[in-house]
Each structure stands twice: as structure tokens, then as C-alpha cells.
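The block underneath contains the structure these notes are about, expressed in C-alpha cells.
The values are calculated or read from the model by the stated rules, or taken from the named source; none is laboratory data. Nothing here was measured: the structure is a model prediction, and the numbers come from that model. Don't worry about glycine lacking a Cβ; one is built from the backbone with ideal geometry, like all the others, and counts go over all protein chains shown. Accessible surface areas use protein heavy atoms only, side chains included; no ligands, DNA or RNA. Shrake-Rupley method; radii C 1.70, N 1.55, O 1.52, S 1.80 Å.
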2 protein chains.
Amino acid sequence: MTTTTQNPETSPSLIAESLFLQELVRQIRAFDHYGFYRSWSDELVLSPFIIAKKKRREISLEGDVDPTTKMRILCFYRAIASLIEKETGQLCQVVVDLNHEGFGWVLIWCGRLMVVTRTLRDAHRFGFETMESLAEQGKNLTASGVEMVKRFPEVAQF
Amino acid sequence: MTTTTQNPETSPSLIAESLFLQELVRQIRAFDHYGFYRSWSDELVLSPFIIAKKKRREISLEGDVDPTTKMRILCFYRAIASLIEKETGQLCQVVVDLNHEGFGWVLIWCGRLMVVTRTLRDAHRFGFETMESLAEQGKNLTASGVEMVKRFPEVAQF
């Protein structure tokens with residue numbers, strides 16, 4: 001909640017162009033059971049994902065990962081899973097397994113195929129330098145996931 | 001800790017015959033940093049895994065899953081992963097992802113291949129009717145995991 005008021009150089013056109021950012025907004029809004037974000041623009045909804053490097057370093061690694069940060073991580077990878085699902089027609093599952101030190105696994109799989117695996121470190125500081133890099137990383141992870149499904153279709157459908 | 005004193009019909013020979021039970025004992029002892037179990041027999045170490053159906057139904061599903069139960073679940077699946085590793089030479093990873101309602105995923109994977117996936121329900125009540133069924137379920141899961149690796153070696157080595 002600390003960074004929602006910083007709404008830097010994001011142009012609405014970036015979101016209009018990026019399928020990934022649109023899906024990410026959709027994932028976040030899906031969790032917004034009380035309509036808290038209803039009146040917010042898409043840029044504002046995404047703005048907590050953007051944390052400058054200097055600011056990120058200031059986030060303490062003590063104690064548990066903040067629940068809103070955890071939710072952000074989950075939304076990021078759910079958006080990827082959802083886009084892989086749309087492109088391949090295979091159902092995807094997501095697990096984010098973090099220990100209290102902010103270290104853990106992110107796993108996205110279809111059938112018996114792991115399409116995305118990542119180890120997370122310092123999850124407290126999850127964030128992206130710019131909206132562009134957020135869009136690009138999401139897009140790249142989605143593309144590599146889709147490629148895995150195309151490469152091993154038999155395992156993905158197992 | 002409630003069931004450690006019940007040490008029913010287990011025969012030491014069952015453990016001597018079951019590779020899985022031996023590995024399970026090894027996993028549990030590996031977590032025993034303070035040597036609490038050092039003087040315990042293998043049968044006694046395994047006894048909390050055996051919970052009669054009636055007793056199991058009495059375990060409350062309220063609140064978080066007991067940490068010792070969680071540890072037992074982790075040890076069970078780590079033993080499977082370790083045996084798959086020994087048989088196939090592929091490194092295995094284990095994630096147990098439980099929510100506070102005792103519902104979640106157990107995942108064991110090699111490379112990009114999910115060799116064991118299970119959904120858990122009512123994890124509070126994790127246990128087995130007899131030592132035989134514990135040994136058998138572990139053995140069967142190990143065998144199905146090894147079969148997956150043999151079936152898709154390319155994905156397991158990815």
C-alpha cells in the first residue's frame with residue numbers, strides 16, 4: 001500500500017498494447033471482492049508493482065513477507081498462467097510456496113509438465129523497475145511457458 | 001505427539017523389508033536436530049504415522065494444521081522423492097503447499113517433469129490405518145514416480 005500514490009511515467013497506451021498487463025489488471029481486480037479498486041484506473045492498480053531500485057533496497061527483509069506483496073506475486077504468476085492457458089488450451093495450476101524468509105518456489109504446470117519454475121529470493125522486495133520491464137518479463141515468461149507446452153504436448157496433456 | 005505411545009502390531013521385520021519405511025525413518029531422523037529420537041526404535045519413530053480410522057475422525061479440522069503433522073507429510077513425500085532420486089539418478093524437488101484449512105498440493109518434480117502430484121484434503125488427519133498400508137502407499141507412489149521418469153526422460157532431464 002506504500003507505493004500506490006507513485007504513479008510515474010506509465011502511459012495508458014502501454015497497457016492497451018500489452019496483453020500481459022491487461023491480464024494482470026484482470027487478476028488483481030478478480031481479488032478485489034469489496035470493489036476497493038473499482039474507481040481506480042488500470043495504471044493506478046498496477047502502480048504498486050513498480051518500485052525503483054533504491055526504494056526496493058529500503059524494504060526490510062525482516063519478518064514475514066507482506067500479505068499484499070504475496071498477493072502481488074501470486075497475481076503476476078496467475079496472469080502468466082492464464083495467458084498460457086488461453087494460448088495452449090491447457091489448464092494451468094499455480095503454486096507460490098514462500099517461507100517466512102521470503103525464499104521459495106513459484107511453479108506453474110500443465111498436466112505433468114512444469115511450464116514455469118522459479119526460485120524466489122527476497123520476495124519482500126518483489127517489484128519491477130518500470131512498467132515496460134514488468135510487461136516484458138511477463139510476456140517472456142508466458143512465451144517460454146507456451147513453448148514448453150508446444151515442445152512436450154504429450155506431458156502437458158498427461 | 002499424541003499417538004507416540006500407541007505402538008501396535010508393527011513388527012520390526014516389516015521395516016527391515018521395506019525400503020520405503022527405512023527411508024522414511026531416515027528422513028525423520030534427519031530433522032531430529034536435538035537427538036530427541038536417538039534412543040527410539042524405528043518402529044516408535046514411525047508410530048505417529050499410524051492412526052486408526054476412528055481416532056482420525058476425532059482429530060479436529062479447526063485451525064491450522066499441526067506443525068508436527070505438516071512435518072510428517074513433508075517427511076513422507078521426501079522419502080518418496082529420495083527413493084525416486086536413488087532409482088533414477090535425477091534430482092527431485094518437493095513442495096508441500098497447504099493452506100490453513102488443511103487443503104493444498106503436494107508436488108514432486110524432476111527437471112520439468114512432475115513425477116508425483118497430489119491434492120491434500122483434511123491434512124490435519126494425515127495418517128495411515130496400518131504400517132503395512134503406509135509402506136505400500138509409499139512404495140506405490142515411488143513406483144509411479146519412477147515410471148514417469150522412465151517414460152519422459154527428456155523432460156526429467158530438461
* Asked: All other residues with a Cβ under 15 Å from the Cβ of residue A:151 taken together, and with Lys, Arg as +1 and Asp, Glu as -1, what is their net charge?
  -> -1
* From the label point of residue B:58, set 7 Å along Cα to the beta carbon, how far off in nm is each other copy's matching point, shortest first? -> 5.7
* Can you give the calculated 222 nm mean residue ellipticity of the protein assembly as shown, where each DSSP H run of n ≥ 4 adds -39,500 (n - 2.57) and the sum is split over every residue, rounded to the nearest 500 deg cm²/dmol? -> -14500 deg cm²/dmol
* Asked: Between residue A:19 and residue B:139, how many nm apart are label points set 7 Å from Cα along the C-beta direction?
  -> 4.9 nm
* Please report the buried accessible area for the interface of B with A, total over both chains, probe 1.4 Å, in Å² to the nearest 100. => 1800 Å²
* To do: Rounded to the nearest 0.05, what FRET efficiency do residue B:56 and residue A:62 give with R0 = 30 Å and r taken as the Cβ-Cβ distance? Could you check?
  => 0.15
* Asked: Given a 1.4 Å probe, how much area per residue of the protein assembly as shown is accessible, in Å²?
  -> 53 Å²
* At 7 Å out from Cα toward Cβ: residue A:32 inter-copy label distances (nm, ascending) -> 5.4
* Peptide-level mean, for B:144-155, of C-beta atoms on other protein chains within 10 Å -> 2
* Indicate, rounded to the nearest 5 percent, the antiparallel portion of the DSSP beta bridges found entirely in region B:11-156. => 95 percent
* Most mobile of A:128, A:36, A:103 in a GNM of chain A (Cα contacts under 10 Å) -> A:36
* Spin-label pair residue A:71/residue A:147, simplified geometry with 7 Å Cα→Cβ offset, distance in nm -> 3.4 nm
* Structure fact -> Counting other chain Cβ atoms within 10 Å of each Cβ in A:111-120 and taking the mean gives 4
* Asked: Among the aspartates and glutamates, which fall within straight-line cross-link reach of residue A:54, defined as a Cα-Cα distance under 14 Å, with same-chain neighbours fewer than 8 residues apart omitted?
  -> A:129
* For the protein assembly as shown, just run the numbers: alpha carbon Rg, then divide by 2.2 N^0.38 Å, N being how many residues it has. => 1.15
* Structure fact -> Here Rg/Rh (Cα, Kirkwood) for chain B equals 0.97
* **Calculated FRET value between residue B:129 and residue B:86, using beta carbons and R₀ = 35 Å, to 0.05** => 0.80
* Asked: Can you list the lysines whose alpha carbon sits under 23 Å from that of residue B:86, skipping same-chain ones fewer than 8 residues off?
  -> B:139, B:150
